[in-house]
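Reading through the structure tokens given below for one structure.
The values are calculated or read from the model by the stated rules, or taken from the named source; none is laboratory data. The structure presented is a predicted model; accordingly, all values stated were derived computationally and were not measured. Cβ: placed from backbone, ideal geometry, glycine included. Neighbour counts: every protein chain shown. Note: accessible area is taken over every heavy atom of the protein model, side chains too, but ligands, DNA and RNA are not part of it. Shrake-Rupley method; radii C 1.70, N 1.55, O 1.52, S 1.80 Å.
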Amino acid sequence: MELRYLRYFVAVAQTQHFTRAAEMLGMSQPPLSQQIRRLEREVGTPLFYRQTRGVELTEAGEAFYEDACQIIALSDAAMEKAKGIARGMNGKLYLGVTSSNAFHTQIFSSLRQFQQRYPQVALYQKEDNMATLMQELEEGLIDVAFVRLPCENSKMFNLKLIDEEPMVLALHRSHPLSAKTDISLNELQQTPLIIFPQQVAPGLYELVYNACLRAGIDMENQQQASQFSSSLSMVAAGFGFAIVPQSMACFSHPQVTFHRMPEQILKTDVALAWRKFERSPAVKRFIENF
């Protein structure tokens, strides 16, 4: 049974008149009557009572009408859904966010804007370290990832820079230098460093590590944190100082203070990464939003 027969049938049922239904469908009345009779033969029973001034549904026609309307609605919805996916207006997106980007407000405000603009695109977000996200991006387990540069395997992907962010110092409020706005790294030679694991952001780890070496920081007695966020908790507990992205200064704790480094020796780029030769319209639409 062709879908157009159902549309013809519904038009006649709604107008209760062959001529008016034909006008609504943009066709002449005789071919419409022929198509309805063909449909009735296929169904095996009359669907209309033919009367002088119009038509009425038979009992079988009433039951058929309900199902025909549902079939047409489902068909139209399926077509619109397919068109929406092809235009990047529908579908699913799996996003990866590094733990160091979990406090970056621009990322999440942009995600919110995208969701408001394209509510039919479902966003699924996960937070993990850089190495894991890059591996999952390569394997197709996620569609895009918000990462921090430098990143040693970033050449494998397309990248779109979102922000250049300076790194700042986090100190315990009781530290003798906590009242200063700007603090140089070499002023903290006697304070233990709390550093994030290398796998969290390998390229950034090397920058921080080498900068601390040049500043005379004792790297043999460093404290290891599991993530950027936990390094701030360790600062609050008095383990030492940490170097974190500026966006993490929104971390509110009465025992933690944040300070610029006047030399501006440490910066990191926030970037959106996706696979080369990506064909998904939803991914392309998402990238355009940033």
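Pick out, from the range 1-56, the helices (runs of 4 or more DSSP H) lying fully within it that include 2 or more residues that are touching a strand residue (DSSP E or B) at 6+ places or on another chain (Cβ under 7 Å), among the polar types (S, T, N, Q) and more than 25 Å from Ala73 (Cβ to Cβ).
In the range 1-56, there are no helices (runs of 4 or more DSSP H) which contain 2 or more residues that are touching a strand residue (DSSP E or B) at 6+ places or on another chain (Cβ under 7 Å), among the polar types (S, T, N, Q) and more than 25 Å from Ala73 (Cβ to Cβ).
What residue, among those in the range 109-133 that are among the hydroxyl-bearing types (Ser, Thr, Tyr) and either closer than 11 Å to Leu95 by Cβ or in a helix (DSSP H, G or I) (or both), is most open to solvent (accessible area, probe 1.4 Å)?
Among those residues, the one meeting the criterion is Tyr124.
Let's see how each residue does on (1) out of contact with any helix residue (DSSP H, G or I) (no Cβ under 6 Å at 6 or more places or on another chain); (2) of a type outside the set (D, E, K, R); (3) in contact (Cβ under 8 Å) with a residue 60 or more places away in the chain:
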site: Gln189; (1), (2), (3): yes, yes, no
site: Pro197; (1), (2), (3): yes, yes, yes
site: Ala201; (1), (2), (3): no, yes, yes
site: Tyr205; (1), (2), (3): no, yes, no
site: Ala211; (1), (2), (3): yes, yes, no
site: Arg214; (1), (2), (3): yes, no, no
site: Gln222; (1), (2), (3): yes, yes, no
site: Phe228; (1), (2), (3): no, yes, yes
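Scan (1) open to solvent by 50 Å² or more (accessible area, probe 1.4 Å); (2) closer than 24 Å to Lys284 by Cβ for the single condition Glu136 breaks and write down its number.
Result: Glu136 passes all but (1).
Could you list, in sequence order, all residues of the range 141-156 that are at pLDDT 90 or above and open to solvent by 10 Å² or more (accessible area, probe 1.4 Å)?
Leu141, Asp143
Only residues that are surrounded by 15 or more Cβ atoms within 10 Å (Cβ to Cβ) and closer than 16 Å to Leu185 by Cα: list them for the range 216-230, please.
Ile217, Gln222
Could you tell me which of the residues Tyr8, Tyr94 is touching a Leu at 6+ places or on another chain (Cβ under 9 Å) and either farther than 30 Å from Val144 by Cβ or at pLDDT below 90 (or both)?
Among Tyr8, Tyr94, only Tyr8 is touching a Leu at 6+ places or on another chain (Cβ under 9 Å) and either farther than 30 Å from Val144 by Cβ or at pLDDT below 90 (or both).
Identify all residues within the range 244-290 that are of a type in the set (Lys, Arg) and out of contact with any Lys or Arg (no Cβ under 8 Å at 6 or more places or on another chain); write none if there are none.
Matches in the range 244-290: Arg260, Lys267, Arg275, Lys276, Arg279, Lys284.
Considering the range 221-266 alone, what residues qualify as being of a type in the set (Gly, Ala, Ser) and closer than 15 Å to Phe196 by Cα?
Of everything in the range 221-266, those that are of a type in the set (Gly, Ala, Ser) and closer than 15 Å to Phe196 by Cα turn out to be Ala225, Ser226, Ser229, Ser230, Ser231, Ser233, Gly240, Ala242.
Could you run through the range 246-276 and say how many residues are within 19 Å of the chain's Cα centre (by Cα) and aromatic (Phe, Trp, Tyr)?
1
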